[in-house]
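Structure, as structure tokens:
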Amino acid sequence: MTLSPSPLQAVIFDWAGTIVDFGSFAPTSIFVEAFKRGYDFDITLDEAREPMGLGKWDHIQAVGRLPSVDKRWQAQFGRAMNSDDIDRIYATFMPLQKAKVADHAAPILNAIEVVEGLKQRGIKIGSCSGYPREVMDVLIPAAADYGYKPDYVVATDDLPQGGRPAPFMALKNVIELGVTNVSACIKVDDAAPGIDEGHNAGMWTVGLLLSGN
């Protein structure tokens, strides 16, 4: 059966919680572990999940600013979390994330079929992530083993302008995929900063309710 062409030019997917890693457990569980290893400080999975979609340094900062976390941090250390603390937790987080991200590379149910159906209609597949490039370099080939091969990938630290909710990662996909009109793109994400990213880029935006954050 020949499928009719689509007026859409590209769909830009997030990674964890959108295409791979149902429940987005790779980053959330490792944030919990990084806080524990770095400072013997406990956060919950829900607290780790709340700022999901941001770049990981910014994510740690956002977790530290949650009222519940800030209250416990100040009770334990007598001060608010600072940049040195964030750097230390981030340095703990990164090797843990690189070591474990491939364990969560399995695609979400029917995600590959959706992607292949879009490709059959001539729609390009872009992608971007809150993961930095060194983590994506592990995740990309692991996901490819499951059959997920987007046409382009942007990591949160690939661009000097920064990550979500700014539009730059989505717009970098537009440039590299040769899209001629941002309104012919759809951004798909499971977290609020990624949804805002799509809106800020002038794209149709789809928020996923059940697979991630």
Decide, for the chain, between rounded, prolate and oblate: order the square roots of the alpha carbon gyration tensor eigenvalues as a ≥ b ≥ c, take rounded if a/c falls under 1.5, and otherwise choose prolate if a/b is larger than b/c, else oblate. prolate
Give me log10 I(q)/I(0) at q = 0.24, 0.28 Å⁻¹ for the range 172-213, Debye formula, one equal scatterer per alpha-carbon, no solvent. -0.76, -0.92
Could you tell me which of the pairs 119/172; 71/98; 98/149 are separated by over 26 angstrom between their Cα atoms in the structure shown? 71/98
In degrees rounded to 10, the 0-90 angle between helix 83-100 Cα long axis and the longest Cα principal axis of the chain is 50
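Compare the peptides 166-176, 149-159 by average per-residue count of other Cβ atoms within 10 angstrom and give them in order, highest first.
166-176, 149-159
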Taking all protein chains as present, what is the carbon and sulfur share of the accessible area of the chain, in % to the nearest whole number, probe 1.4 Å? 56
Taking Cα atoms, how many degrees apart are the long axis of helix 111-120 and the longest axis of the chain, rounded to 10 and kept between 0 and 90? 30
Taking alpha-carbon centroids only, the range 87-121 lies from the range 145-210 a number of Å equal to 15
Given 206, 179, 86, which one lies farthest toward the positive end of the charge dipole of the chain, if we put +1 on the Cβ of every Lys and Arg and -1 on the Cβ of every Asp and Glu? 179
For the chain, with +1 on Lys and Arg beta carbons and -1 on Asp and Glu, the positive-most of 107, 155, 62 along the dipole: 155
Cα gyration tensor of the range 1-60, axes a ≥ b ≥ c as square roots of the eigenvalues: rounded (a/c below 1.5), prolate (a/b > b/c) or oblate? prolate
To the nearest 10 degrees, how steeply does helix 168-177 sit against the main Cα axis of the chain, on a 0 to 90 scale? 30
Compute the accessible area per residue over the range 139-185, keeping the other protein chains in place, probe 1.4 Å, unit Å². 46
Where a ≥ b ≥ c are the square roots of the eigenvalues of the C-alpha gyration tensor, would you call the range 143-213 rounded, which needs a/c under 1.5, or, failing that, prolate if a/b is larger than b/c, or oblate? rounded
Name the residue farthest towards the positive end of the dipole of the chain from the options 122, 16, 96, assuming +1 on Cβ of Lys and Arg, -1 on Cβ of Asp and Glu, about the Cα centre. 122
Sequence-distant residues sharing a close amide H with residue 186 (under 5 Å, placed H): 10, 11, 12
Charges only on Cβ, +1 for Lys and Arg, -1 for Asp and Glu: so what's the dipole of the range 1-155 about the Cα centre, in debye to the nearest 20? 160
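The values are calculated or read from the model by the stated rules, or taken from the named source; none is laboratory data. The structure presented is a predicted model; accordingly, all values stated were derived computationally and were not measured. Counting neighbours? That spans all protein chains shown, and the Cβs are built from the backbone with ideal geometry, glycine included. Surface areas here come from the heavy atoms of the whole protein model, side chains and all, with no ligands, DNA or RNA. Shrake-Rupley method; radii C 1.70, N 1.55, O 1.52, S 1.80 Å.
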